[in-house]
1. List the residue pairs whose Cβ atoms are under 8 Å apart, where the first residue sits in the range 13-34 and is over 19 Å from Ile137 (Cα atoms), the second is among the β-branched types (Val, Ile, Thr) and part of a helix (DSSP H, G or I), and the two are 6 or more positions apart or on different chains.
2. Take Phe25 and tell me if it is farther than 23 Å from Glu84 by Cα, under 15 Å from the mean Cα position of the chain (by Cα) and crowded, with 23+ Cβ neighbours inside 10 Å.
3. Among the residues of the range 172-186, is any closer than 20 Å to Leu117 by Cα, modelled with pLDDT of 95 or more and open to solvent by 20 Å² or more (accessible area, probe 1.4 Å)?
4. So which residues in the range 187-205 are at negative phi, crowded, with 17+ Cβ neighbours inside 10 Å and of a type outside the set (A, V, I, L, M), if there are any at all?
5. Consider Glu156 carefully, then state whether it is charged (D, E, K, R), farther than 28 Å from Cys129 by Cβ and touching a residue at least 12 places away in the same chain (Cβ under 8 Å).
6. If we keep just the residues of the range 206-219 that are open to solvent by 20 Å² or more (accessible area, probe 1.4 Å) and assigned to a loop (DSSP other than H, G, I, E, B), which is nearest to Glu72 (Cα to Cα)?
7. If Ala99 passes every condition in (1) closer than 18 Å to Leu165 by Cβ; (2) within 14 Å of the chain's Cα centre (by Cα); (3) open to solvent by less than 20 Å² (accessible area, probe 1.4 Å) but one, which one does it miss?
8. Take the residues in the range 83-93 that are hydrophobic (A, V, I, L, M, F, W, C) and open to solvent by 10 Å² or more (accessible area, probe 1.4 Å), then tell me which one is nearest to Ala18 (Cα to Cα).
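The values are calculated or read from the model by the stated rules, or taken from the named source; none is laboratory data. Computed from a predicted model, the values in this text were never measured in an experiment. In this analysis, Cβ positions are derived from the backbone assuming ideal geometry, glycine residues included, and neighbour counts consider all displayed protein chains. These area figures cover heavy atoms from the full protein model, side chains too; ligands, DNA and RNA do not enter into them. Shrake-Rupley method; radii C 1.70, N 1.55, O 1.52, S 1.80 Å.
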Amino acid sequence: MTLVKICGNRTPADVLNAAEAGADFVGMIFAESKRQVGLGEAQAMVHALGDPLAAHEIAMPPPARGHAREDEREWFRHGAQVIEAYLEAKRPLTVGLFADQPIEEVNELALESGVDLVQLSGDETWEDCLLVARQVIQVVHVSPLDSPSDPMRFVEPGFAIALMLDSAHGPYRGGSGRTFDWEVARIVSAELPMVLAGGLTPENVGEAIERVRPWAVDVSTGTETDGRKDPTRVREFIEAVRRQDAAA
(Lines give C-alpha, C1' and ligand atoms only; values in the text may rest on other atoms or scores of the structure.)
Protein backbone atom coordinates (compact mmCIF):
# COMPACT_ATOMS: atom_id res chain seq x y z
CA MET A 1 0.00 0.00 0.00
CA THR A 2 1.34 3.41 -0.97
CA LEU A 3 1.43 5.72 2.03
CA VAL A 4 -0.07 9.20 1.70
CA LYS A 5 1.07 12.50 3.21
CA ILE A 6 -1.26 15.50 3.03
CA CYS A 7 0.84 18.62 3.60
CA GLY A 8 0.11 22.32 4.01
CA ASN A 9 -2.60 21.92 6.64
CA ARG A 10 -3.48 25.02 8.63
CA THR A 11 -6.43 24.18 10.87
CA PRO A 12 -7.66 21.32 13.06
CA ALA A 13 -10.44 20.78 10.52
CA ASP A 14 -7.81 20.26 7.81
CA VAL A 15 -5.99 17.48 9.67
CA LEU A 16 -9.19 15.83 10.87
CA ASN A 17 -10.56 15.76 7.30
CA ALA A 18 -7.28 14.25 6.09
CA ALA A 19 -7.35 11.65 8.85
CA GLU A 20 -10.94 10.70 8.08
CA ALA A 21 -10.06 10.35 4.38
CA GLY A 22 -7.29 7.89 5.26
CA ALA A 23 -4.08 9.95 5.29
CA ASP A 24 -1.02 8.31 6.83
CA PHE A 25 0.77 11.60 7.51
CA VAL A 26 -0.42 15.19 7.88
CA GLY A 27 2.08 17.99 7.42
CA MET A 28 2.19 21.53 8.77
CA ILE A 29 4.63 24.13 7.50
CA PHE A 30 6.77 26.14 9.91
CA ALA A 31 9.00 27.48 7.11
CA GLU A 32 8.36 30.79 5.38
CA SER A 33 5.47 30.07 3.03
CA LYS A 34 1.97 31.17 2.19
CA ARG A 35 0.95 28.05 4.14
CA GLN A 36 3.12 28.84 7.18
CA VAL A 37 1.56 28.23 10.59
CA GLY A 38 2.51 29.47 14.04
CA LEU A 39 3.14 27.42 17.14
CA GLY A 40 -0.41 27.82 18.47
CA GLU A 41 -1.96 26.69 15.19
CA ALA A 42 0.35 23.67 15.05
CA GLN A 43 -0.40 22.72 18.65
CA ALA A 44 -4.13 22.87 17.89
CA MET A 45 -3.71 20.52 14.92
CA VAL A 46 -1.53 18.08 16.86
CA HIS A 47 -3.96 18.12 19.80
CA ALA A 48 -6.93 17.46 17.48
CA LEU A 49 -5.39 14.11 16.50
CA GLY A 50 -4.96 12.82 20.05
CA ASP A 51 -1.96 11.58 21.99
CA PRO A 52 1.54 12.16 20.59
CA LEU A 53 3.55 9.25 19.29
CA ALA A 54 5.62 9.12 22.48
CA ALA A 55 2.49 8.14 24.45
CA HIS A 56 2.04 4.92 22.43
CA GLU A 57 3.72 1.57 22.90
CA ILE A 58 5.66 0.75 19.75
CA ALA A 59 7.16 -2.59 18.71
CA MET A 60 10.33 -1.50 16.94
CA PRO A 61 12.15 -3.51 14.26
CA PRO A 62 15.77 -4.52 14.91
CA PRO A 63 18.35 -1.86 14.01
CA ALA A 64 19.92 -1.54 10.58
CA ARG A 65 23.38 -3.06 10.52
CA GLY A 66 25.50 -0.36 8.91
CA HIS A 67 25.84 3.28 7.90
CA ALA A 68 28.20 2.88 4.98
CA ARG A 69 27.42 4.05 1.46
CA GLU A 70 26.88 0.48 0.30
CA ASP A 71 24.25 0.02 3.01
CA GLU A 72 21.96 2.83 1.82
CA ARG A 73 19.30 0.38 0.66
CA GLU A 74 19.28 -1.43 3.98
CA TRP A 75 19.29 1.87 5.89
CA PHE A 76 16.20 3.33 4.18
CA ARG A 77 14.38 0.01 4.15
CA HIS A 78 14.87 -0.12 7.90
CA GLY A 79 13.68 3.49 8.16
CA ALA A 80 10.50 2.54 6.32
CA GLN A 81 9.96 -0.33 8.75
CA VAL A 82 10.38 2.05 11.70
CA ILE A 83 7.83 4.50 10.30
CA GLU A 84 5.43 1.67 9.55
CA ALA A 85 5.78 0.58 13.19
CA TYR A 86 4.94 4.14 14.23
CA LEU A 87 1.86 4.00 12.00
CA GLU A 88 0.71 0.79 13.67
CA ALA A 89 0.65 2.76 16.92
CA LYS A 90 -0.70 6.05 15.59
CA ARG A 91 -2.22 7.16 12.29
CA PRO A 92 -1.88 9.74 10.91
CA LEU A 93 1.55 10.87 12.05
CA THR A 94 2.13 14.62 12.26
CA VAL A 95 5.05 16.12 10.36
CA GLY A 96 6.54 19.56 10.90
CA LEU A 97 8.15 21.03 7.78
CA PHE A 98 11.15 23.36 8.08
CA ALA A 99 13.53 24.96 5.58
CA ASP A 100 16.82 26.75 6.20
CA GLN A 101 15.98 27.54 9.83
CA PRO A 102 18.41 27.30 12.76
CA ILE A 103 18.39 23.80 14.22
CA GLU A 104 17.67 25.32 17.65
CA GLU A 105 14.48 26.83 16.22
CA VAL A 106 13.55 23.55 14.54
CA ASN A 107 13.93 21.66 17.80
CA GLU A 108 12.06 24.23 19.85
CA LEU A 109 9.07 24.29 17.50
CA ALA A 110 9.06 20.51 17.02
CA LEU A 111 9.11 19.81 20.75
CA GLU A 112 6.64 22.52 21.75
CA SER A 113 4.18 21.70 18.98
CA GLY A 114 4.40 17.94 19.61
CA VAL A 115 4.85 16.87 15.97
CA ASP A 116 5.90 13.26 15.48
CA LEU A 117 8.41 13.77 12.66
CA VAL A 118 10.42 16.64 11.16
CA GLN A 119 10.85 17.26 7.44
CA LEU A 120 13.88 19.29 6.33
CA SER A 121 13.03 20.91 2.99
CA GLY A 122 15.73 23.53 2.52
CA ASP A 123 19.46 23.28 1.96
CA GLU A 124 20.14 21.39 5.17
CA THR A 125 22.89 18.80 5.00
CA TRP A 126 22.42 15.13 5.77
CA GLU A 127 24.53 15.69 8.89
CA ASP A 128 22.02 18.30 10.12
CA CYS A 129 19.48 15.51 10.53
CA LEU A 130 21.46 14.16 13.48
CA LEU A 131 20.98 17.43 15.38
CA VAL A 132 17.19 17.35 15.20
CA ALA A 133 15.17 16.17 18.20
CA ARG A 134 12.81 14.11 16.03
CA GLN A 135 13.29 11.53 13.32
CA VAL A 136 13.82 13.36 10.02
CA ILE A 137 12.48 13.09 6.49
CA GLN A 138 15.22 14.64 4.33
CA VAL A 139 14.15 16.28 1.08
CA VAL A 140 16.31 16.20 -2.03
CA HIS A 141 15.15 18.71 -4.65
CA VAL A 142 15.34 17.67 -8.29
CA SER A 143 15.58 20.43 -10.89
CA PRO A 144 14.78 20.22 -14.62
CA LEU A 145 18.56 20.17 -15.21
CA ASP A 146 19.20 17.06 -13.11
CA SER A 147 20.01 13.99 -15.19
CA PRO A 148 18.38 10.66 -14.34
CA SER A 149 21.68 8.90 -15.03
CA ASP A 150 22.81 8.63 -11.38
CA PRO A 151 20.29 10.16 -8.97
CA MET A 152 21.52 7.89 -6.17
CA ARG A 153 24.54 10.17 -5.82
CA PHE A 154 22.28 12.54 -3.85
CA VAL A 155 21.42 9.89 -1.25
CA GLU A 156 23.36 9.29 1.97
CA PRO A 157 22.49 6.65 4.61
CA GLY A 158 22.97 6.98 8.32
CA PHE A 159 21.26 10.32 8.91
CA ALA A 160 17.55 10.66 8.01
CA ILE A 161 14.90 8.04 8.58
CA ALA A 162 13.33 8.67 5.17
CA LEU A 163 14.07 10.29 1.81
CA MET A 164 11.74 12.54 -0.16
CA LEU A 165 12.28 13.71 -3.74
CA ASP A 166 10.58 17.00 -4.58
CA SER A 167 10.73 19.42 -7.48
CA ALA A 168 12.93 22.50 -7.65
CA HIS A 169 11.74 25.19 -10.05
CA GLY A 170 13.48 28.55 -9.98
CA PRO A 171 13.08 30.03 -6.49
CA TYR A 172 10.68 27.30 -5.37
CA ARG A 173 11.97 24.56 -3.09
CA GLY A 174 8.85 22.41 -3.03
CA GLY A 175 5.27 23.61 -2.87
CA SER A 176 5.47 24.86 -6.44
CA GLY A 177 2.74 22.55 -7.71
CA ARG A 178 5.08 21.39 -10.49
CA THR A 179 6.42 17.92 -11.25
CA PHE A 180 9.97 16.86 -12.07
CA ASP A 181 11.31 14.06 -14.25
CA TRP A 182 9.70 10.94 -12.78
CA GLU A 183 12.42 8.80 -14.35
CA VAL A 184 14.80 10.19 -11.72
CA ALA A 185 12.36 9.12 -9.01
CA ARG A 186 11.81 5.71 -10.60
CA ILE A 187 15.52 4.92 -10.50
CA VAL A 188 15.73 5.81 -6.81
CA SER A 189 12.48 4.03 -5.94
CA ALA A 190 13.77 0.85 -7.57
CA GLU A 191 16.64 0.88 -5.07
CA LEU A 192 15.04 2.01 -1.80
CA PRO A 193 11.80 3.30 -0.22
CA MET A 194 11.25 6.97 -1.03
CA VAL A 195 8.54 9.62 -0.86
CA LEU A 196 7.48 11.23 -4.14
CA ALA A 197 6.40 14.88 -4.06
CA GLY A 198 6.10 17.71 -6.52
CA GLY A 199 3.02 18.61 -8.55
CA LEU A 200 0.92 15.59 -7.62
CA THR A 201 -2.85 15.86 -7.95
CA PRO A 202 -5.86 13.52 -7.81
CA GLU A 203 -5.65 13.46 -11.60
CA ASN A 204 -2.00 12.40 -12.01
CA VAL A 205 -1.10 10.52 -8.83
CA GLY A 206 -2.25 7.19 -10.24
CA GLU A 207 0.10 7.55 -13.21
CA ALA A 208 2.90 8.66 -10.88
CA ILE A 209 2.51 5.55 -8.72
CA GLU A 210 2.36 3.27 -11.76
CA ARG A 211 5.57 4.73 -13.18
CA VAL A 212 7.60 5.37 -10.03
CA ARG A 213 6.32 2.80 -7.48
CA PRO A 214 7.14 5.06 -4.52
CA TRP A 215 6.82 3.99 -0.91
CA ALA A 216 4.77 7.14 -0.22
CA VAL A 217 3.38 10.19 -1.99
CA ASP A 218 3.15 13.75 -0.71
CA VAL A 219 0.73 16.46 -1.83
CA SER A 220 -0.01 20.05 -0.90
CA THR A 221 -1.08 22.32 -3.76
CA GLY A 222 -2.93 19.50 -5.52
CA THR A 223 -5.44 19.22 -2.66
CA GLU A 224 -6.28 22.93 -2.48
CA THR A 225 -8.96 25.13 -3.97
CA ASP A 226 -8.38 28.89 -3.96
CA GLY A 227 -5.33 28.41 -1.76
CA ARG A 228 -7.10 26.50 1.04
CA LYS A 229 -7.34 22.80 1.83
CA ASP A 230 -10.31 21.27 0.02
CA PRO A 231 -11.71 18.15 1.77
CA THR A 232 -13.12 16.89 -1.53
CA ARG A 233 -9.74 17.16 -3.27
CA VAL A 234 -8.05 15.44 -0.30
CA ARG A 235 -10.50 12.55 -0.47
CA GLU A 236 -10.18 12.29 -4.25
CA PHE A 237 -6.38 12.19 -3.98
CA ILE A 238 -6.38 9.36 -1.45
CA GLU A 239 -9.04 7.46 -3.39
CA ALA A 240 -6.91 7.74 -6.54
CA VAL A 241 -3.92 6.30 -4.67
CA ARG A 242 -5.97 3.38 -3.36
CA ARG A 243 -7.41 2.66 -6.82
CA GLN A 244 -3.92 2.45 -8.26
CA ASP A 245 -2.78 0.22 -5.40
CA ALA A 246 -5.72 -2.10 -6.04
CA ALA A 247 -4.96 -2.23 -9.77
CA ALA A 248 -1.27 -3.04 -9.26
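1. Asn17/Val234; Ala18/Val234; Ala21/Val234; Ala21/Ile238; Gly22/Ile238
2. No, not satisfied.
3. no
4. So the first thing to find is which residues in the range 187-205 are at negative phi, and the list is 187-197, 200-205.
If we keep only those that are crowded, with 17+ Cβ neighbours inside 10 Å as well, we get 188-189, 192-197, 200-202, 205.
Within the range 187-205, Ser189, Pro193, Thr201, Pro202 qualify.
5. Details: charged (D, E, K, R): yes; farther than 28 Å from Cys129 by Cβ: no; touching a residue at least 12 places away in the same chain (Cβ under 8 Å): yes.
Considered against the rule, which asks whether it is charged (D, E, K, R), farther than 28 Å from Cys129 by Cβ and touching a residue at least 12 places away in the same chain (Cβ under 8 Å), Glu156 comes out as no.
6. Of the residues in the range 206-219, the ones open to solvent by 20 Å² or more (accessible area, probe 1.4 Å) are 207, 210-211, 213, 215.
Still in the running and assigned to a loop (DSSP other than H, G, I, E, B): 213, 215.
Working: Arg213: 18, Trp215: 15 Å.
The extreme case among them is Trp215.
7. That leaves (3) as the condition not met.
8. Ala89
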